[in-house]
Each structure stands twice: as structure tokens, then as C-alpha cells.
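Notes for the one structure printed next.
Where a number appears in this text, it was derived from the coordinates with a stated rule and is not lab data. Please read these numbers as outputs of a predicted model, since none were measured by experiment. Note that we place each Cβ from the backbone using ideal geometry, even for glycine, and neighbour counts take in every protein chain shown.
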Amino acid sequence: MISQKSRHALRALLLIASRGDGATVQISEIIGHEGIPKKFLQLIFVELKNNCLVVGRRGPIGGYSLSRPADQINFANILRITDGPLALTPCVSVTAYTKCKDCIAETTCTVRKILLRVRNATADILESNTLADALIAEKREENA
């Protein structure tokens with residue numbers, strides 16, 4: 001299950017992406033549109049900025065824009081920044097692997113084998129779906 005933080009990050013980034021490449025959106029507009037608490041959103045954007053997903057601009061026409069085109073930012077990027085590894089257990093994580101403390105034999109562990117398949121399937125889906133893909137799917141649904 002993804003956290004509220006990740007859901008807010010996804011919704012905020014989708015709003016920015018919906019404005020087109022290079023568009024800048026103010027925090028106040030995101031708050032008004034998405035209903036995300038200001039302090040929480042500011043903390044999320046600090047993380048997104050520190051991880052090079054957004055660029056912040058100051059001033060009266062300031063705000064946040066995507067650091068690269070929406071078709072180059074996938075859901076896995078965002079979730080890893082806001083929630084950490086995609087894996088359900090550390091022994092199957094690609095980005096934060098550690099052996100389970102109670103593991104007897106990792107190579108024969110049936111639980112690990114299943115969770116590795118879950119992690120790989122999850123990563124495949126999240127890595128192959130970008131902000132641009134989500135916006136296209138949304139438009140298709142609206143036109144249906």
C-alpha cells in the first residue's frame with residue numbers, strides 16, 4: 001500500500017504535468033486543486049526537488065515545474081522517492097537489499113521467491129507507466 005505522501009506527490013506531479021512541459025505551477029494552486037495540506041506539500045516538494053524530479057522557481061511567477069518531460073518520469077521514480085523501495089521485504093529489494101535477519105537459506109526460501117515475483121511485477125508496471133501515460137489514460141476515460 002502506498003502512503004498518503006506518495007498519493008499527494010503523484011497528484012501534485014500529475015497536475016503540473018497536465019499543464020505541459022516547462023509549465024510552472026504555484027503551491028497555492030496545487031493546494032486549491034488537490035486539497036493537500038500546505039506544510040505537507042512543501043515537505044513533499046523538498047524531497048522531489050532534492051531528488052531532481054522538480055525545479056523550484058521563486059518570485060511572483062514562481063512555483064514548481066517538472067525537471068524533465070512527463071514521459072520521462074515514471075511512477076516507480078516517484079514512489080521510491082516518497083516511500084522508499086518497492087519491495088515488500090528487504091531481501092528482494094533492488095535499491096535497498098539486505099538479508100532477512102531470520103533467514104536460514106535465501107536461495108531456497110519459498111517466501112522470498114514469491115515476493116521477488118511480486119516485486120518484479122510491481123516494478124515492471126510502475127516503471128513502464130509515466131506521468132504522461134497517466135494523463136493520456138485520463139483523457140481517454142473522459143472521452144469514453
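Below are the figures for this structure:
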read-out	value
Which listed residue, of GLU34, GLU47, GLU29, is in contact with a Ser or Thr (Cβ under 9 Å, 6 or more places away or on another chain), surrounded by 13 or more Cβ atoms within 10 Å (Cβ to Cβ) and among the acidic types (Asp, Glu)	GLU47
Residue selected from segment 110-137 under the condition in contact (Cβ under 8 Å) with a residue 60 or more places away in the chain and part of a helix (DSSP H, G or I), by the criterion farthest from CYS100 (Cα to Cα)	LEU135
Matching residues in segment 101-114 - criterion: being more than 26 Å from the chain's Cα centre (by Cα) and either surrounded by 10 or more Cβ atoms within 10 Å (Cβ to Cβ) or within 27 Å of LEU79 (Cα to Cα) (or both)	LYS101, CYS103, GLU106, CYS109, THR110, VAL111
Residue under evaluation THR82, criteria (1) in a loop (DSSP other than H, G, I, E, B); (2) under 17 Å from the mean Cα position of the chain (by Cα), criterion not met	(1)
Selection within segment 71-100 - surrounded by 13 or more Cβ atoms within 10 Å (Cβ to Cβ) and basic (Lys, Arg)	ARG80
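Residues are listed down the side, and each one gets a yes or a no for (1) free of Cβ contacts under 8 Å to residues at least 12 places away in the same chain; (2) within 19 Å of LEU126 (Cα to Cα):
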| site | (1), (2) |
| --- | --- |
| MET1 | yes, yes |
| SER6 | no, yes |
| ASP21 | no, no |
| GLN26 | no, no |
| GLU29 | no, no |
| LEU48 | no, yes |
| PRO60 | yes, no |
| THR89 | no, yes |
| LYS99 | yes, no |
